[in-house]
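See structure below.
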Amino acid sequence: MRSLQRTKPRDWQPSRAESAKARTLGALLAEVIAALSRAGFDDARRRARRAVAALLEIAPGEILAHPERVLDDQEVDCLRLASDRLLGREPLSRIVGRREFWGLEFMLSADTLDPRPETETIVEAVLRRFADRSAPLRLLDLGTGTGCILLALLAEFPNALGFGVDLSAGAATAARRNANSLGFARRSHFIVGDWGAAIASKFDAMVANPPYIPTDRLGQLPPEVGLYDPSLALDGGRDGLDSYRRLATDVGHLLSPQGVFVTEIGLGQAPAVAAILRARGLIIEGFEPDLAGICRCVVARAGAPQLRKRLECAAVASRVAALGGSPQSGNAAQTCP
């Protein structure tokens, strides 16, 4: 069972005189469902089942199979405290302190972004560009956070070496802890740094999920994001593109001649991010949509100089065609340009 840090829930004060019936698994589940329903949560029943299963570390089916199971004092307090935190819009992943990404379990901290499923698009994009899984690749993850992207790639490339950089010392510590727990400590290194400023090597693949929310839109984020993810991992500056300007400078001298750079982007940012990278001499190879069809990543290469003009022309022509024939017509479309 997961231990939670706060000592008392705000709304529920458990009593020693509660009957055994009120302390059963089924009864506590019903309490959580009722509380979430009153607070206006969508699909309160599903959310409650997931929370109870995660907090008690049991299979969801056990809740249905054994609703009569009597919970002890610690389990009752744990569920009621967690329910209180859910009512405050704290994500379940934050409450239990872990998140699954690419089939691996990552521990979270207050210094790390909570990994989202759509970020797996970065991993998929790299895998599509390196068919040889045994290749001794050198990988660099800028703004590594939990280390989820880099460690997912190390799981797919057993001979690769990975390096992660984060401006937050707490995030670098969390990534190192995840590498240890997942068995990748010998093939990964994490340092505190300002993007690629402290790095001098060349890399076959570089990845990044930088902050890309414009500063004036941070207050409009859902509370599950705005209240619980660190602002350092969200705030992309006035136009949301500050991090890409820094990354473009670093990628140019860190990417190997035939290397690939994959970065996550925000909604509608593909043309602007591509222009920033192109201005630094990178070739825009393509764009990658997530499972919802939203353009999620820009893919760039250093490329051989003789290929630059041909590939650039092809990329521009493709984008212009997708935007209806006008280079200036690409406002914030959800699909890749």
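The values are calculated or read from the model by the stated rules, or taken from the named source; none is laboratory data. Bear in mind that the values here come from a model prediction, so they are computed numbers and not experimental data. Neighbour counts run over all protein chains shown; Cβ positions are idealised from the backbone, glycine included.
From the list Phe130, Phe106, which one is surrounded by fewer than 21 Cβ atoms within 10 Å (Cβ to Cβ) and either in contact (Cβ under 8 Å) with a residue 40 or more places away in the chain or hydroxyl-bearing (Ser, Thr, Tyr) (or both)?
Details: Phe106 fails: surrounded by fewer than 21 Cβ atoms within 10 Å (Cβ to Cβ).
None of the others qualify; the one that does is Phe130.
What pairs can you find where one residue is in segment 249-265 and under 24 Å from Leu234 (Cα atoms), the other is among the polar types (S, T, N, Q) and not in a strand (DSSP E or B), and their Cβ atoms are less than 7 Å apart, with a gap of 6+ or different chains?
Glu264/Thr119; Glu264/Asn209
What is the number of the single condition among (1) at pLDDT 95 or above; (2) more than 22 Å from Asp114 (Cβ to Cβ); (3) among the acidic types (Asp, Glu) that Glu312 does not meet?
(1)
Which condition breaks for Gly183 when tested against (1) at positive phi; (2) in contact (Cβ under 8 Å) with a residue 24 or more places away in the chain?
Looking at each condition in turn, Gly183 falls short on (2).
Can we say Ala160 is over 23 Å from Ile276 (Cα atoms) and surrounded by fewer than 15 Cβ atoms within 10 Å (Cβ to Cβ)? If you could, list the steps in order and put the result at the bottom.
Numbers: over 23 Å from Ile276 (Cα atoms): yes; surrounded by fewer than 15 Cβ atoms within 10 Å (Cβ to Cβ): no.
So Ala160 does not fit the description; no.
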